[in-house]
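Written below as structure tokens is the structure these notes are about.
The values are calculated or read from the model by the stated rules, or taken from the named source; none is laboratory data. Remember, it's a predicted structure, so these values are computed and weren't measured experimentally. Note that each Cβ is placed from the backbone with ideal geometry, even for glycine, and that neighbours are counted across all protein chains shown. When the accessible area is computed, the model is the full protein with side chains, heavy atoms only, and any ligands, DNA or RNA have been set aside. Shrake-Rupley method; radii C 1.70, N 1.55, O 1.52, S 1.80 Å.
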Amino acid sequence: MREPWRCLLCLCLLACSASTHSATNPFAGQQTPPDPCYDDTGAARRCIPEFINAAFGKEVMVSSVCGRPQSRSCSVVERGDDRPSVRTCQICDAADPRRSHPASYLTDLNSAHNLTCWQSENLNISPYNVTLTLSLGKKFEITYVSLQFCSPRPESLAIYKSMDYGKTWMPYQFYSSQCRRMYNRPNKATITKQNEQEALCTDGHTDLYPLSGGLIAFSTLDGRPSGKDFDNSPVLQDWVTVTDIRVVFSRPQLPRELGLGAGSNSGGRDDDPMAVTSALPTYFYAVGDFQVGGRCKCNGHASRCLKDKESKLVCDCKHNTEGPECDRCKPFHYDRPWQRASAREANECLPILALFGCGTKLFYSPVLPLSFGLQKVQSAALGRYEPRARHHPSLMDPPSQRERGDGGKDGQERGQRDETSKRKRQPARVFEMLFHETCNCNLHARRCRFNMELYKLSGRKSGGVCMNCRHNTAGRHCHYCKEGFYRDMARPITHRRACKACDCHPVGAAGKTCNQTTGQCPCKDGVTGITCNRCAKGYQQSRSPVAPCIKIPVVNPTAVVSSTEEPADCESYCKPVKGNLKINMKKYCKKDYAVQVNVLDMETVGDWAKFSISVVSVYKSRGEPLKRGDNILWVHMKDLACKCPKIQMSKRFLVMGGSDGGTGPGTGPGVGPGPGATNPGAERVGLVADKNSLVIQWRDVWTRRLRKFQRKEKKGKCSKA
């Protein structure tokens with residue numbers, strides 16, 4: 001880690017030195033040529049590769065070539081000066097370079113002083129089709145296709161194009177003196193804006209003369225109505241785009257048209273052993289130059305094409321675009337849709353804000369590529385990014401004196417160790433903060449996509465949508481916390497831990513989501529706390545998951561005031577006998593009943609509190625036996641106000657009482673008051689508890705003890721107690 005980091009710092013120092021001395025260096029402006037894709041102010045502008053002959057040096061696949069086996073062919077040569085034409089014959093031998101006419105001669109350097117020609121085999125029977133197929137290896141926007149012939153021009157030929165590297169073909173242009181017969185097309189049809197991609201058939205360039213050196217040139221935009229507004233015509237942009245060109249020679253100028261009928265030998269050499277006889281054909285195709293003029297298709301976002309690692313031709317894309325034809329935006333540059341550059345608007349994908357270090361300073365440039373290595377950092381530092389560099393104090397600043405050590409040998413050694421450790425951490429720190437993506441995903445996403453609907457709704461300003469937000473964030477820009485999390489306002493939204501888990505209590509909360517700002521969970525009735533983990537004031541915990549907290553019963557104050565005892569006397573009124581809260585055999589024997597109950601609900605009936613209870617276990621019952629299940633417990637309001645007994649809702653209690661707590665047994669072990677009664681004179685079925693009753697919260701260990709008391713009572717031990 002240390003060595004690459006030192007190299008990077010050295011390169012940055014060189015950049016700083018170059019920027020410092022650029023004013024005094026008269027050749028500073030000559031070190032890096034200006035980028036055609038940007039103007040002098042650094043603003044993007046349309047740039048296009050240079051116009052070239054895209055066919056030059058390319059391999060052409062031909063369906064026929066002479067010289068295999070050795071053959072002899074004759075042609076008519078015009079001499080001019082009103083002198084008659086003469087016939088010349090030559091031998092074609094593929095094994096002899098001096099007499100061969102291979103397909104490579106179609107795209108080699110064309111020179112009038114050293115004319116080379118490809119030549120087909122001699123033809124004598126129909127069909128006369130010969131095909132030339134040229135693959136450009138990449139999409140080109142072509143302006144013309146031209147063929148210069150060494151033989152008379154064909155009477156009929158067709159040009160086809162492919163946009164998918166030869167998988168499919170579509171007609172481009174036809175030449176014939178018999179368009180309807182040869183290609184089933186009219187001669188010189190009219191082109192309108194509705195049929196700008198229609199291939200025409202014309203009888204031009206099909207004349208017999210000149211017999212050699214004739215030219216057929218097809219202009220792709222000639223006669224197309226939208227040719228003058230090419231930037232705004234996707235139809236024509238598609239029309240001129242090709243990856244492969246195929247030329248099909250369909251019909252030659254026949255011998256009788258040339259005046260070289262079979263058996264004619266005028267102008268020939270009688271001593272030649274391969275002299276033409278009546279059986280030897282005298283027509284063929286021969287082409288000296290095959291050209292395709294155009295530009296590498298880069299959609300206005302590149303000024304040149306280069307070969308990649310696989311030796312494939314690709315555009316050197318600018319304007320934050322990528323792809324073989326610069327036909328898409330780079331990652332994190334989808335804030336507006338990709339568009340082809342025009343003369344008026346470069347339509348660059350939104351730029352990236354890149355940071356790079358220089359010595360002990362941090363600089364930034366808005367045009368550095370998204371991914372770059374050490375060489376690109378060097379070229380960026382020494383190139384066109386110098387004038388834009390400025391100091392950023394937040395990173396790579398020199399360590400303070402406190403960080404270096406506070407003096408002395410120990411301080412110096414400690415400072416050196418700290419500095420070494422800091423240098424080890426700095427590369428990861430710097431490169432982690434190296435980029436700020438224009439999709440504005442707040443450092444929580446690595447990819448984004450474009451949404452046309454959002455782009456339109458924003459007034460065509462922004463359409464980027466972040467994908468796969470991390471760190472528990474969500475939203476178009478990963479700008480808020482996902483469900484089950486809330487914002488930690490102490491940290492910025494770009495922090496990895498900007499979102500904290502809600503941690504809502506599974507029983508006390510009404511849901512798993514919480515307030516995005518405060519983190520407050522939605523609590524059930526009677527529950528409070530930021531995570532709904534405790535009962536509110538005036539509520540007590542229950543065993544129900546539906547209603548975990550229930551309201552504590554409120555004593556009617558009028559009942560206390562109307563009682564014979566004042567609330568101030570509660571201490572003496574309720575003072576228990578020594579050992580009253582303990583259970584033993586003696587107390588068990590004195591009581592009329594002993595039950596374990598679960599308190600469910602309460603209501604006020606006159607001066608009495610009526611508790612709805614559920615009898616869980618019966619350990620003693622004099623008179624009519626008590627049964628487990630629902631029952632009623634009566635407590636006088638005075639006793640309840642003084643908390644003797646003290647009863648809480650939704651809890652289990654051991655209740656041991658006797659007939660002295662009421663008026664005596666009625667139809668049960670205790671008698672309760674009637675409606676509106678102020679004393680327990682009216683009989684009503686239920687249990688009665690007062691200050692002398694034993695009402696204590698249940699403990700499971702008592703089960704065994706009470707069963708033991710129950711067995712002793714059956715043996716007659718209570719009479720002895």
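No other residue among Lys482, Lys524, Lys500, Lys537 is within 30 Å of Tyr334 (Cα to Cα) and over 23 Å from the mean Cα position of the chain (by Cα) apart from Lys500. With respect to Lys330, determine if the residue is at pLDDT below 90 and either open to solvent by 20 Å² or more (accessible area, probe 1.4 Å) or within 29 Å of Thr133 (Cα to Cα) (or both). Yes. Considering only residues of the stretch 106-121 that are assigned to a loop (DSSP other than H, G, I, E, B) and closer than 21 Å to Leu208 by Cβ, which is most open to solvent (accessible area, probe 1.4 Å)? The extreme case among them is Leu115. Quick check: is even one residue across the stretch 97-105 among the polar types (S, T, N, Q), touching a residue at least 12 places away in the same chain (Cβ under 8 Å), over 18 Å from Arg68 (Cβ atoms) and outside any helix (DSSP H, G or I)? Scanning the stretch 97-105, I find no residue that is among the polar types (S, T, N, Q), touching a residue at least 12 places away in the same chain (Cβ under 8 Å), over 18 Å from Arg68 (Cβ atoms) and outside any helix (DSSP H, G or I), so the answer is no. Residues that are closer than 16 Å to Phe218 by Cβ and within 42 Å of the chain's Cα centre (by Cα) within the stretch 137-159 comprise Phe140, Glu141, Ile142, Thr143, Tyr144, listed in sequence order.
Condition (residue is modelled with pLDDT under 90, among the polar types (S, T, N, Q) and crowded, with 20+ Cβ neighbours inside 10 Å) applied to the stretch 122-145: is it met by at least one residue?
Taking every residue of the stretch 122-145 in turn, none turns out to be modelled with pLDDT under 90, among the polar types (S, T, N, Q) and crowded, with 20+ Cβ neighbours inside 10 Å.
Residues in the stretch 443-472 that are farther than 23 Å from Glu348 by Cβ and touching a strand residue (DSSP E or B) at 6+ places or on another chain (Cβ under 6 Å): His444, Asn472. Being farther than 22 Å from Gly484 by Cβ, in contact with a strand residue (DSSP E or B) (Cβ under 9 Å, 6 or more places away or on another chain) and open to solvent by 40 Å² or more (accessible area, probe 1.4 Å) holds for only one residue in Gln520, Gln516, Gln541, and it is Gln541.
With the condition kept exactly as written, say whether any residue in the stretch 154-163 is charged (D, E, K, R), at pLDDT 90 or above, under 30 Å from Leu236 (Cβ atoms) and crowded, with 17+ Cβ neighbours inside 10 Å. Within the stretch 154-163, one or more residues are charged (D, E, K, R), at pLDDT 90 or above, under 30 Å from Leu236 (Cβ atoms) and crowded, with 17+ Cβ neighbours inside 10 Å. Note on the stretch 672-721: among residues that are modelled with pLDDT of 85 or more and of a type in the set (S, T, N, Q), the one that is surrounded by the fewest Cβ atoms within 10 Å (Cβ to Cβ) is Gln697. Inclusion of Asp639 among residues that are touching an Asp or Glu at 6+ places or on another chain (Cβ under 6 Å) and open to solvent by less than 40 Å² (accessible area, probe 1.4 Å) is warranted. Of all residues in the stretch 435-485, those satisfying the criterion of being modelled with pLDDT of 90 or more and in a strand (DSSP E or B) are Thr473, Ala474, Tyr480, Cys481, Phe485. Scanning the stretch 482-535 for residues that are of a type in the set (Val, Ile, Thr) and touching a residue at least 24 places away in the same chain (Cβ under 8 Å) yields Ile493, Thr494, Val507, Thr513, Thr517, Thr518, Thr531. Just one of the listed residues (Pro210, Pro171, Pro154) is touching a strand residue (DSSP E or B) at 6+ places or on another chain (Cβ under 8 Å) and assigned to a loop (DSSP other than H, G, I, E, B), namely Pro154. Criterion applied to Ala275, Ala346 was being aliphatic (A, V, I, L, M) and modelled with pLDDT under 85, and the one residue passing it is Ala275. Filtering the stretch 306-316 to residues that are surrounded by 14 or more Cβ atoms within 10 Å (Cβ to Cβ) and either in contact with a helix residue (DSSP H, G or I) (Cβ under 9 Å, 6 or more places away or on another chain) or more than 18 Å from Lys330 (Cα to Cα) (or both) leaves only Leu313.
Looking only at residues in the stretch 236-261 that are outside any strand (DSSP E or B) and at pLDDT 90 or above, which one is most open to solvent (accessible area, probe 1.4 Å)? This residue is Asp238.
Just one of the listed residues (Ser617, Ser621) is under 24 Å from Gln540 (Cβ atoms), open to solvent by less than 60 Å² (accessible area, probe 1.4 Å), at pLDDT 85 or above and not basic (Lys, Arg), namely Ser617.
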